[in-house]
1. So between E191 and M1, what do we pick up on full extension, going 0.36 nm a residue minus the alpha carbon distance?
2. For every other residue with a beta carbon closer than 10 angstrom to the beta carbon of S95, add +1 if it is Lys or Arg and -1 if Asp or Glu, then tell me the sum.
3. When the Kirkwood radius is taken over all Cα pairs of segment 68-198, what Stokes-Einstein diffusion coefficient follows at 10 °C and 1.306 mPa s, in µm²/s?
4. Which of the peptides 119-125, 164-170, 129-135 is most tightly packed, and how do the rest follow, going by the mean number of other Cβ atoms within 10 Å of each residue?
5. Return the long-range amide H neighbours of G137 (sequence gap of 5 or more, or a different chain), with a cut-off of under 5 Å between placed amide H atoms.
6. Hey, got the dipole for the chain? About the Cα centre, +1 on K and R Cβ, -1 on D and E Cβ, debye to the nearest 20?
7. Specify the residue with the greatest mean-square fluctuation among L66, L85, L105, computed from a Gaussian network of the chain linking alpha-carbon atoms under 10 Å apart.
8. Calculate, in nm to one decimal, what S95 and S27 gain on full extension: separation in residues at 0.36 nm each, minus their alpha carbon distance.
Amino acid sequence: MTVGVLALQGDVPEHLRAIEQLSGVPSPRAVRTPADLETVDALFLPGGESTTIARLLADAGLARPLIEKIRAGLPVLATCAGLILLAERLEASPSGPNPPTLGVLDVTVRRNDYGAQRESFEGPVAVEGLSGPPFPGVFIRAPRILAVGARATPLARRGQEVVGVRQGSLWGLTFHPELSSDPRVHRLFLEEAVGGPR
Ligand code: GLN
């Protein structure tokens, strides 16, 4: 199995490091071109700035191949800006114009909905299928999931609020498991979503 991290902008090294720490998983590959994309069996979309990543995706000629590969079953774990890029629907955000999205995950999301950088926070998150204590969620200028469509199901909750969803092997989280030095979400995704039912 070859695991890739979309490496155009954002917290790419943190995802690479989180994957490298998992035992039994080969070294991950940075994905920057359509040729790189062809080689991976699962992909992580990092957090960062969704408007920038969307522009770089278009410049690299990666948007269309990525949509096609996701539709053909590529498992994806997307965090924060990555979730924004997967979403089918973005509500207008006070933080400015929205990026074009890949439109593959049946959720409605609003960018920066918890406020500015100084409103970033950490808090316990309950993740479906994860054993042990609650996951330490790191939220940085996080998007909010406003609605979960019929094809997606809640995967993670902070209190009553849904902060992660899955649609088969497409996972989208508003928080950053790559910043928690807790490998459980990365491991669960690779165990469950990769090769599992869609
Ligand atoms: N606010 C950012 C955006 O809209 C996402 C923040 C993040 O990925 N930590 O793209």
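Every number in this text was worked out from the coordinates using simple rules, so none of it is lab data. Computed from a predicted model, the values in this text were never measured in an experiment. Virtual Cβ from ideal backbone geometry, glycine too; neighbours counted across all protein chains shown.
1. Between E191 and M1, full extension yields 67.3 nm more.
2. Overall, the nearby charge balance is +2.
3. The calculation lands on 108 µm²/s.
4. Sorting 119-125, 164-170, 129-135 by mean packing, highest first, produces 164-170, 119-125, 129-135.
5. Distant-sequence amide H within range of G137: G123, V125.
6. Computed charge dipole of the chain: roughly 300 debye.
7. The residue with the greatest mean-square fluctuation here is L66.
8. Stretched out fully, the S95 to S27 stretch lengthens by 20.8 nm.
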